[in-house]
Amino acid sequence: MELLEKLTILSDAAKYDAACTSSGVRRGYREGYIGNTSSSLAGCCHTFSADGRCVTLLKVLLTNRCVYDCKYCVNRRSNDTRRAAFTPEELAELTIGFYRRNYIEGLFLSSGVFRSPDYTTELMIQALRILRETYRFNGYIHAKAIPGTSPELVEQLGFLADRLSVNIELPSESGLKSLAPDKTKGAILAPMKQIQTRTAQGKEELVKYRHAPKFAPAGQSTQMIVGATQDSDLHILRLTQGLYDRYRLKRVFYSAYVPVIENTLLPSLDTKPPLLREHRLYQADWLLRFYGFRAEELLDEQTPDFNPLVDPKCSWALAHLDFFPVEVNTADYETLLRVPGIGVVSAKRILVSRRAGRLQVEDLRKLGVVMKRAQYFLTCRGRMAEGLRFTPDSLLLNLVAAERPALPSSGMEQLSLFGA
């Protein structure tokens with residue numbers, strides 16, 4: 001099979017993996033090496049991957065041959081699809097060729113499980129070792145650690161890659177048993193724990209030894225499929241919170257399930273991917289990571305799913321109207337972050353600006369506050385925006401109207417690198 005034909009098959013097979021955005025890691029210039037990720041704060045983010053996301057990574061599978069039979073996966077062993085596999089040498093040559101043509105700045109490498117997790121990981125290690133040692137490639141590499149892989153192989157992979165990720169796949173153990181019977185919760189969490197522990201040890205070693213080798217310096221991430229099972233948003237968010245707390249993950253990615261396979265345990269083929277639900281989960285994830293919220297604050301057993309009409313922060317504010325209005329000139333940083341329309345940057349600007357004098361409503365727009373949402377929840381010098389009149393019911397309608405232009409279009413779909 002020609003190399004371009006393999007690339008066509010394996011890049012298209014990788015398009016359902018969302019966990020490949022740039023990491024923020026910096027690799028500066030090194031004498032005798034080629035490539036770096038110092039061109040932007042976010043690492044690699046200039047072109048598009050096979051599914052339309054703006055990254056400069058070659059996003060590809062080592063092979064789409066797989067011994068597992070996960071019912072939701074297009075690459076499962078029982079599915080009748082074209083199979084292909086790169087040799088480690090082919091993958092390394094392809095990556096360095098793309099880099100030299102300025103197509104990419106890094107590599108996102110995943111794979112089906114060919115023969116066994118250990119055998120597949122050994123092939124991935126060979127490919128990355130050729131890149132790092134033979135071609136002396138110093139660019140960004142994100143590699144998937146396959147559940148069930150031996151700890152010593154995960155260790156080797158971590159010293160070659162900038163970021164590792166272990167896909168948790170499905171939000172619940174029951175979903176995993178029914179849809180991915182070859183995978184277990186323990187096999188998924190074991191490498192996560194190893195990566196978290198080894199990364200912490202690596203940081204301690206760097207304190208003592210300046211040139212100690214770095215183990216996965218950009219940390220680890222994971223991905224879970226949304227919509228393939230009946231798990232609620234509350235269940236997903238609690239799992240996300242636990243992963244951040246226990247394993248110090250950098251990101252949890254959510255992938256709206258795209259029906260590509262007919263199975264009685266899965267949504268029918270005419271079901272649209274839950275893109276809006278994915279969008280709301282990402283917004284809630286941001287609140288967990290940067291705004292000090294906890295999963296239990298955003299949802300509860302009585303309300304286990306997000307309101308699709310408004311973002312999670314507005315939903316929380318509508319359920320806690322007794323917390324508002326917030327006085328901008330006296331509120332602390334944590335309180336300001338709870339106000340819809342005020343973000344991390346604008347909250348810090350408010351704290352700095354009010355040292356010079358008391359703020360007026362008209363000053364807030366200049367500081368980056370989104371007043372079409374924030375105006376209902378704050379006061380300046382004890383007064384709300386002039387002429388503002390609303391009730392709890394009309395407040396919801398106003399927030400829905402403000403949110404509607406930013407919602408994902410129903411016509412959105414994943415793209416192919418080789419499609420028309």
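Below is a table of values for the structure above.
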{"read-out": "Total residues in the stretch 279-329, condition among the small types (G, A, S), in contact with a Leu (Cβ under 7 Å, 6 or more places away or on another chain) and closer than 20 Å to L395 by Cα", "value": "0"}
{"read-out": "Filter result (surrounded by fewer than 21 Cβ atoms within 10 Å (Cβ to Cβ) and hydrophobic (A, V, I, L, M, F, W, C)) within the stretch 111-122", "value": "F114"}
{"read-out": "Given (1) surrounded by 20 or more Cβ atoms within 10 Å (Cβ to Cβ); (2) modelled with pLDDT under 95, number of the condition L287 does not satisfy", "value": "(2)"}
{"read-out": "Residue under evaluation E93, criteria (1) closer than 17 Å to L57 by Cα; (2) outside any helix (DSSP H, G or I); (3) among the acidic types (D, E), criterion not met", "value": "(2)"}
{"read-out": "Residues located in the stretch 127-136, provided they are open to solvent by less than 10 Å² (accessible area, probe 1.4 Å) and touching a residue at least 40 places away in the same chain (Cβ under 8 Å)", "value": "A127"}
{"read-out": "Filter pass, R294 being over 21 Å from A187 (Cβ atoms) and of a type outside the set (S, T, Y)", "value": "yes"}
{"read-out": "Matching entry among D285, D245 (being within 26 Å of K15 (Cβ to Cβ) and charged (D, E, K, R))", "value": "D285"}
{"read-out": "Candidate set: the stretch 82-110, residues that are touching a residue at least 60 places away in the same chain (Cβ under 8 Å) and within 30 Å of T229 (Cα to Cα); chosen: the one most open to solvent (accessible area, probe 1.4 Å)", "value": "R82"}
{"read-out": "Cβ pairs under 9 Å, 6+ apart, first in the stretch 366-387 and at negative phi and outside the structural domain of R349 (by TED's automatic domain parsing), second modelled with pLDDT of 95 or more and among the polar types (S, T, N, Q)", "value": "none"}
{"read-out": "Enumeration of residues in the stretch 269-295 that are in contact (Cβ under 8 Å) with a residue 24 or more places away in the chain and either of a type in the set (A, V, I, L, M) or not assigned by TED's automatic domain parsing to the domain that holds R248 (or both)", "value": "L275, L276, L281, A284, L287, L288, A295"}
{"read-out": "Residues within the stretch 333-368 that are farther than 16 Å from G292 by Cα and of a type in the set (S, T, N, Q), tallied", "value": "2"}
{"read-out": "Scan of the stretch 128-148 for residues that are at positive phi and over 26 Å from the mean Cα position of the chain (by Cα), ordered by number", "value": "R136"}
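The values are calculated or read from the model by the stated rules, or taken from the named source; none is laboratory data. Not measured: the values here are computed from a predicted model. Here the Cβ is made from the backbone with ideal geometry for all residues, glycine too, and neighbour counts use every protein chain on show. Note: accessible area is taken over every heavy atom of the protein model, side chains too, but ligands, DNA and RNA are not part of it. Shrake-Rupley method; radii C 1.70, N 1.55, O 1.52, S 1.80 Å.
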